[in-house]
Structures are given as C-alpha cells and as structure tokens.
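> Starting off with a structure, shown below.
The values are calculated or read from the model by the stated rules, or taken from the named source; none is laboratory data. None of the values given here were measured: they were computed from a predicted structure. A quick note on method: Cβ atoms are made from the backbone with ideal geometry, for glycine too, and the neighbour counts reach across all protein chains shown. Protein only, heavy atoms only, side chains kept; ligands, DNA and RNA dropped before computing areas. Shrake-Rupley method; radii C 1.70, N 1.55, O 1.52, S 1.80 Å.
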Amino acid sequence: MAKYVIQVMWHINNECNFKCRHCYVKNQGTLPQNRLEIQKAIVPKITALEPRYRIIRVGLLGGEPLLDPNIFEIIALLRDNGIKRIDIGTNGSLVTEPMATRLKESGIAMVQVSLEGPNATINDAIRGRGSFYAAVAGLKHLGDAGITTGIMTTVSKFNIGFMEEISDLAISLKAKILSFNRLLPLGRGQKSLCLSAEETRKMILFVHKLNNKGTIEVSSDDPLLYVPTAENSAPKSDFGGCGAGIGNLAIDHSGKVFPCRRLPIKVGNAYSDSLLDIIDSPQMDCFYNRKQHLKGKCGSCQFIQICGGCRAAAYAFSGDYLQEDPQCWINP
C-alpha cells in the first residue's frame, strides 16, 4: 500500500537577529530553559508518522534556527531516527565558512536562504541594512562546502517587479531551487503591500515561465500554481493545491502544531500529543473534505480539488480560514 507523503516544518526556536518588515512572526523571544527537553520529545513524535506517511523532509526553521544552541543535536537525533532529508531555512547571515562545513558534515540536504531583492537597495529595505551581502556571502560559503542551496522570496508590491532579476541572481549563485511565495498580512506583514488578485496571477505565470525555461528549479507553496491558465496548462492532478493539514504540518518552538506554518490555528501539541492523533482529529476534516467546508467562491470553484485556495491567505485577510482566497483571480 502506497504511503501518503508529508513534510514537517519545525520552528525549533523563536529568536532572530533580524526584524524583517514582512515577517509573519510578530513577537520574537527566547525559549524556556527546558528547550532541549521539548525538542528531544518532539523528534520521536515526528518519526512516528512513518508507518502511515513517507516523510519527504523535515524543515528546521525559526526565528533564526542557526541561533539555536541545540541545532546540531536536533539534526543528529532526526538522522538517528531515520529522517533522510533535513533542510534548513535561514537568513544566511550566520553562515560562515566553518558553519557551512559543519552543516555539510551534519548531513543537511539543503539550506534555503531568504532574499527579497536582487540587490541591497531592494532587499535591505525589507530585511535590514547589510542583510543582502550577508545572505550572498552565506550562500557562497554553503556552495563552497558542497551543500545544495535554495533562495526563498516573499513577493509583495514592493518587489514583484524584480522577480526576473532575482531569478538571474539565483542562477548566478548556483542555487538549485528558487521559491516565490506571496506576502500575507500576518505578523509584521502589511496589507497595503500584499498582492492584488491580478498581481498574484502575474507571480504564478512567472513561476510557470521560469519552470518552462528549465534554467533553475522554481517552486512555490501557492495552491494557485495548480490552476490552469490561458497562458499555461497547470499540472494535471485529481487532488492537490493547498497542503495545509494534509501534506504539511508545522510545529512551533513550544510544540504547538498548526496545519501550515502561516496558518496560526492551533490543532494540538507535539510535546504532549501524538501527531497521528492530531491529524485524525475532527478539526482537521475541513482540510481533507474541502467540498463540505470551504466557503465563498473557493467552495463553488471547479478547481476546488486541485487548488482549494490558500487557507492561510483566507485567514490572514478575513479571520476565517474556510473563506475564499481573496488573492485569487478566478471567478467560478
């Protein structure tokens, strides 16, 4: 019997050395003294998913995960418990040559570095002065150490006009993956900078365009990527789109579990609860049975099974994660 696939995004800490203007984590701080106890308890909860799921990856995020004193112990525990692919999402500023070497030795599969523009002027306006050159230096150290790298960009009105230049930069830095995801009004994210429906369509079309070129692997967590357009036929599938609570789970620094890292609806706690029990709980049914639960135009859309709209976007704009995706351009 084929297993379902799932990825777990684990925010191992909440500290960060940046204060990005668009961060969906508004308040950052330190973890309790028993952070290692919590982290050690969560590892077997993740690996216990294996009888039913094929864990395609565990992503270690923050805050800034490289600030966590236990990060290499966590990596070792995950690997010792059979997790084959472990990625890290970082701002790149702490990646020195020795750090890159140590990450390589730890068995990390990929390190994704956040960049919001093709130059310091654009990027640093969002992420802070000096962040662009620090990230680029970090990417070069990672590449020199033989680690696969990726670049992640949060697309807003501020930088949507620079997607082509960002892709050129990613190619020049020999990144394997470039990921574009839209800004949501969560945390510090400002609604005035969020994309309109037409701008979201523009972003999606650009992702398709880059993938068709084949010069770099381009990805996006956006479910609208699977909707056919006049310009591009989306991948054919009977079910896909928004993976919140289905193919994705997020765990925060205290163990709280969310359907998605940008959907702050607590569904359990990995420190005390079984992740399989959380997945099987009635509150998760709405993610599996979209036709019975989704509202607005998402609920009546012909693409509900292959897209379903972004539940995090629905929540961020309306406070109701079952509402329609307000950045979708489709009128069903």
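> If you take the residues of segment 191-217 that are in a loop (DSSP other than H, G, I, E, B) and open to solvent by 20 Å² or more (accessible area, probe 1.4 Å), which of them is farthest from Asp144 (Cα to Cα)? Walk me through it before giving the result.
If we filter segment 191-217 for residues that are in a loop (DSSP other than H, G, I, E, B), which is where we start, we get 194-196, 214-216.
Next cut, open to solvent by 20 Å² or more (accessible area, probe 1.4 Å) only: 196, 214-215.
Numbers: Ser196: 39, Gly214: 23, Thr215: 21 Å.
That would be Ser196.
> Would you be able to tell me the number of residues in segment 296-332 that are open to solvent by 40 Å² or more (accessible area, probe 1.4 Å), touching a strand residue (DSSP E or B) at 6+ places or on another chain (Cβ under 7 Å) and assigned to a loop (DSSP other than H, G, I, E, B)?
Count: 1.
> Does segment 8-27 contain at least one residue that is surrounded by 14 or more Cβ atoms within 10 Å (Cβ to Cβ) and without any contact (Cβ under 8 Å) to a residue 40 or more places away in the chain?
From segment 8-27, those surrounded by 14 or more Cβ atoms within 10 Å (Cβ to Cβ) are 8-18, 20-25; that's our starting set.
Retained after the next criterion (residues that are without any contact (Cβ under 8 Å) to a residue 40 or more places away in the chain): none.
There is no residue in segment 8-27 that is surrounded by 14 or more Cβ atoms within 10 Å (Cβ to Cβ) and without any contact (Cβ under 8 Å) to a residue 40 or more places away in the chain.
> With respect to the numbered conditions (1) in a helix (DSSP H, G or I); (2) polar (S, T, N, Q); (3) surrounded by fewer than 20 Cβ atoms within 10 Å (Cβ to Cβ), which one is the sole condition not fulfilled by Gln33?
Among (1) in a helix (DSSP H, G or I); (2) polar (S, T, N, Q); (3) surrounded by fewer than 20 Cβ atoms within 10 Å (Cβ to Cβ), the lone unmet condition for Gln33 is (1).
> Another question about this same structure. May I ask you to list pairs of residues, at least six apart or on different chains, whose Cβ atoms are under 7 Å apart, with the first in segment 162-190 being in a loop (DSSP other than H, G, I, E, B) and the second being polar (S, T, N, Q) and open to solvent by 30 Å² or more (accessible area, probe 1.4 Å)?
So the pair list comes out as Lys176/Thr148.
> Filter segment 151-162 down to residues that are buried (at least 22 other Cβ atoms within 10 Å of the Cβ) and of a type outside the set (S, T, N, Q) and give me whichever is farthest from Gln327 (Cα to Cα).
It comes out as Ile151.
> Right, next: Looking only at segment 57-72, decide whether some residue is open to solvent by less than 30 Å² (accessible area, probe 1.4 Å), of a type in the set (A, V, I, L, M), over 30 Å from Lys3 (Cα atoms) and in contact (Cβ under 8 Å) with a residue 12 or more places away in the chain.
To start, the set of residues in segment 57-72 that are open to solvent by less than 30 Å² (accessible area, probe 1.4 Å) comprises 58-66, 68, 70-71.
Retained after the next criterion (residues that are of a type in the set (A, V, I, L, M)): 58, 60-61, 66, 71.
With over 30 Å from Lys3 (Cα atoms) added as a condition, the list becomes 66.
The next check asks that each one be in contact (Cβ under 8 Å) with a residue 12 or more places away in the chain; those that pass are 66.
Looking through segment 57-72, at least one residue is open to solvent by less than 30 Å² (accessible area, probe 1.4 Å), of a type in the set (A, V, I, L, M), over 30 Å from Lys3 (Cα atoms) and in contact (Cβ under 8 Å) with a residue 12 or more places away in the chain.
> For the condition charged (D, E, K, R), in contact with a Phe, Trp or Tyr (Cβ under 9 Å, 6 or more places away or on another chain), touching a residue at least 24 places away in the same chain (Cβ under 8 Å) and surrounded by fewer than 19 Cβ atoms within 10 Å (Cβ to Cβ), what is the one hit in Arg79, Arg127, Arg85, Arg102? Talk me through it step by step, then tell me what you get.
Numbers: Arg79 fails: in contact with a Phe, Trp or Tyr (Cβ under 9 Å, 6 or more places away or on another chain); Arg127 fails: surrounded by fewer than 19 Cβ atoms within 10 Å (Cβ to Cβ); Arg85 fails: in contact with a Phe, Trp or Tyr (Cβ under 9 Å, 6 or more places away or on another chain).
When all the criteria are applied, what remains is Arg102.
> Considering only segment 36-56, how many residues are in a loop (DSSP other than H, G, I, E, B), of a type in the set (A, V, I, L, M, F, W, C) and either open to solvent by less than 10 Å² (accessible area, probe 1.4 Å) or modelled with pLDDT under 95 (or both)? Quick ask: steps written out before the conclusion?
Here is the first cut: in segment 36-56, the ones in a loop (DSSP other than H, G, I, E, B) are 48-52.
Still in the running and of a type in the set (A, V, I, L, M, F, W, C): 48-49.
From the residues that got through so far, the ones that are either open to solvent by less than 10 Å² (accessible area, probe 1.4 Å) or modelled with pLDDT under 95 (or both) too are 49.
Within segment 36-56, residues that are in a loop (DSSP other than H, G, I, E, B), of a type in the set (A, V, I, L, M, F, W, C) and either open to solvent by less than 10 Å² (accessible area, probe 1.4 Å) or modelled with pLDDT under 95 (or both) number 1.
> Under the condition of being out of contact with any Pro (no Cβ under 7 Å at 6 or more places or on another chain) and not aliphatic (A, V, I, L, M), which residue from segment 90-99 is surrounded by the most Cβ atoms within 10 Å (Cβ to Cβ)?
Taking segment 90-99 as the starting set, the residues that turn out to be out of contact with any Pro (no Cβ under 7 Å at 6 or more places or on another chain) are 91-99.
With the extra rule that they be not aliphatic (A, V, I, L, M), the set shrinks to 91-93, 96-98.
Numbers: Asn91: 24, Gly92: 28, Ser93: 20, Thr96: 13, Glu97: 13, Pro98: 10.
Of everything passing the filter in segment 90-99, Gly92 is surrounded by the most Cβ atoms within 10 Å (Cβ to Cβ).
> Oh, and also: Arg188 passes all but one of (1) open to solvent by less than 10 Å² (accessible area, probe 1.4 Å); (2) at pLDDT below 95; which number fails?
Condition not satisfied by Arg188: (1).
> Every residue in segment 169-188 that is touching a helix residue (DSSP H, G or I) at 6+ places or on another chain (Cβ under 8 Å) and either more than 23 Å from Tyr133 (Cα to Cα) or basic (Lys, Arg) (or both), please.
To start, the set of residues in segment 169-188 that are touching a helix residue (DSSP H, G or I) at 6+ places or on another chain (Cβ under 8 Å) comprises 173-175, 178, 180, 182-186.
Lys174, Arg182, Leu184, Pro185, Leu186 - these are the residues of segment 169-188 that are touching a helix residue (DSSP H, G or I) at 6+ places or on another chain (Cβ under 8 Å) and either more than 23 Å from Tyr133 (Cα to Cα) or basic (Lys, Arg) (or both).
> Would you call Val136 surrounded by 17 or more Cβ atoms within 10 Å (Cβ to Cβ) and within 24 Å of Lys191 (Cα to Cα)?
no
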